[in-house]
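Notes to accompany the following structure.
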Amino acid sequence: MYDVILAATDGSAPANRGVEHALSLGSRYDAVVHVISVVDTGRYGEPALSSTELVLEELEHRAHEQLAEIAEQADTMDVEIVTKTCHGEPHDEIVAYADEIDADLTLLGKHGQSQTGHHIGSVANRVVD
């Protein structure tokens, strides 16, 4: 049913549930699971040797650690995994990567912090649009 699954994570509990579901589906369907973590430059901007640069470096470091933990989990489940960290607007990067890998399914968690009144999160809403 699925050959290529994409899950996006920001390290939050809802995103982690989405990743766990993606790994479960990857195991069930013998699919390759791609997990992307986007350092949100829309929120922080791209640095120019400032304190913002330090924040982005820390966020990228956390993303790499989270993806390493996910890769270990996938290994124990015997699921083939590809991880990616990048900078940009999360919805743009997720859509571009889904297109690049020809994803059959894309999973995102929901924080519930959106003020838009949507039942899905703001990033997920933009990915769907």
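What follows draws every value from the coordinates through simple rules; no lab data is involved. This is a predicted model, so every value here is computed, not measured.
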Checklist entry - For ALA7, which sequence-distant residues (separation of 5 or more, or a different chain) have an amide H within less than 5 Å of its own amide H, given hydrogens modelled in the peptide plane? => result HIS34, VAL35, ILE36, LEU107
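In terms of the Cα gyration tensor, with a ≥ b ≥ c the square roots of its eigenvalues, is the range 1-84 rounded because a/c is under 1.5, prolate because a/b exceeds b/c, or oblate?
Working: a/c = 2.91, a/b = 2.52, b/c = 1.16.
Judged from the Cα gyration tensor, the range 1-84 comes out prolate (a/c at least 1.5, a/b above b/c).
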